[in-house]
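The values are calculated or read from the model by the stated rules, or taken from the named source; none is laboratory data. The structure presented is a predicted model; accordingly, all values stated were derived computationally and were not measured. Cβ coordinates were reconstructed from backbone atoms using ideal geometry, including for glycine residues, and neighbour counts include every protein chain displayed. In case anyone asks, the SASA skips ligands and DNA or RNA and just uses the protein heavy atoms, side chains included. Shrake-Rupley method; radii C 1.70, N 1.55, O 1.52, S 1.80 Å.
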Amino acid sequence: ATLGGKGYEPSVKVTFADVGGQATAVQELKEALEFLLRSDEVAAMGIRPLKGILLSGPPGTGKTLLAKAAATYTDAVFLEASGSEFIEMYAGVGAQRVRTIFNRARELARRRQKKRAIIFIDELEVLGGKRGSHTSHLEYDQTLNQLLVEMDGLKSSQDVQILVIGATNRPDLLDPALLRPGRFDRQVKVDLPDKEGRLAILKLHTANKPLAPEVDLEAVARETFGFSGAHLESVANEAAILALREKSPLITQKHLMEAVDKVMLGEKLGRKPAD
Ligand code: ATP
């Protein structure tokens, strides 16, 4: 297990242009990030600094992608952890990991001479579930309390501005304390893409692939109702594999439609697209 999350500078930076079909989410996120970019003005006006943004929506819709794009947009170092990484059998370990990741974020930003750090916590409901409920016990409570303490301690006067971006597909399970002002008080919904969104995502994920001229991505977008971005990425990948297997230099409509069936079947069998 890692000690309090991985921090890295992705070799290829993710930008908002890499996120397909989430226009509303991108716009809301950018608006919120203005508070981070203009933290001096925000502080001068006596406005509470932005500390947390919650991205909520189904799996594979691009929440991680959005968080990485947010880091590029704000020139921040990016640290990533999953809620489940904080939960250990031994009391106090989770709370210690929360402290560690905040300290690492500050350290990393200073070392890279950045003014900002984004800590991305996926599966926030695992560590931030309702306290005192049957799904939580003492260890979870301590970990969640530590996260609240760290977030409450963030000030705009500090040399490194830290923003926590949480992601969850079960916002209903979150402890209301997390959603109070000064914590994750900005919520951005990241829904499954509509037909236009699916087309945009298919275009992104086939841009580097040899498509036959007859390929009709709009038809693929029409046939993939309910697919997430991660599913659509799988469709593009599977279609390329099918073409390769048939020694076809180009990906045809038939390959794409077979890939759609394959991904749909995989989903019915209960496999996650990323597996
Ligand atoms: P989870 O809740 O399972 O963590 P997530 O919402 O964080 O999922 P991502 O990890 O961002 O989803 O998406 C997984 C992969 O699916 C991405 O790396 C990308 O290839 C593809 N993908 C998902 N959504 C989009 C999108 N809107 N545009 C382009 N690609 C996408």
Task: GNM flexibility winner over the chain from G46, G57, G21 (Cα, springs under 10 Å) - done: G46
Open item on the list: Taking the 0 to 90 degree range and rounding to the nearest ten, how far is the long axis of helix 93-111 tilted relative to the main principal axis of the chain, both from C-alpha atoms?
Closed with: 80 degrees
Open item on the list: Multiplying the sequence separation of M45 and E246 by 0.36 nm and subtracting their Cα-Cα distance, what value in nm do you get?
Closed with: 66.0 nm
TODO: Show which aspartates and glutamates lie in cross-link reach of K30 when reach means a straight Cα distance below 16 angstrom and same-chain residues fewer than eight apart are skipped.
DONE: D18, D75, D185
TODO: Using only Cα atoms, tell me the angle between helix 23-37 and the longest principal axis of the chain; keep it within 0 to 90° and round to the nearest 10.
DONE: 30 degrees
Task: Selection from I241, G62, Y73, by position along the positive dipole direction of the chain (Cβ) - done: Y73
Task: 1.4 Å probe accessible area per residue over the range 168-261, in Å² - done: 52 Å²
TODO: Specify the angular offset, from 0 to 90 degrees and rounded to the nearest 10, of the alpha carbon long axis of helix 253-268 from the longest principal axis of the alpha carbons in the chain.
DONE: 50 degrees
Task: Size of charge dipole - the chain - debye, nearest 20, with Cβ of Lys, Arg +1 and Asp, Glu -1, no other charges - done: 680 debye
Task: Added length on full extension, which subtracts the Cα-Cα distance from 0.36 nm per residue, N145 to R222 - done: 23.2 nm
- [ ] Can you tell me the relative contact order of the range 32-172? Whole percent, Cα pairs under 8 Å, sequence separation 6 or more.
- [x] 35 percent
Open item on the list: At 1.4 Å probe radius, can you tell me the per residue accessible area of the range 56-127 in Å²?
Closed with: 40 Å²
TODO: Set the Förster distance to 25 Å, then compute FRET efficiency between D261 and D18 from the Cβ-Cβ distance, nearest 0.05.
DONE: 0.40
Open item on the list: Given a 1.4 angstrom probe, I'd like the percentage of the accessible area of the chain that is carbon and sulfur, rounded to a whole number.
Closed with: 54 percent
Task: Projected label distance in nm at R99 and A177, using a 7 Å step from Cα toward the beta-carbon - done: 1.7 nm
Open item on the list: I'd like to know which of S82, G129, A230 lies farthest towards the positive end of the charge dipole of the chain, counting +1 on Cβ of Lys and Arg and -1 on Cβ of Asp and Glu.
Closed with: S82
Task: Amide H contacts of Q187 (H built 1.01 Å from N, under 5 Å, at least 5 apart or other chain) - done: L54
Task: Mean separation of Cα contacts under 8 Å, 6 or more apart, over the residue count of the chain: relative contact order % - done: 23 percent
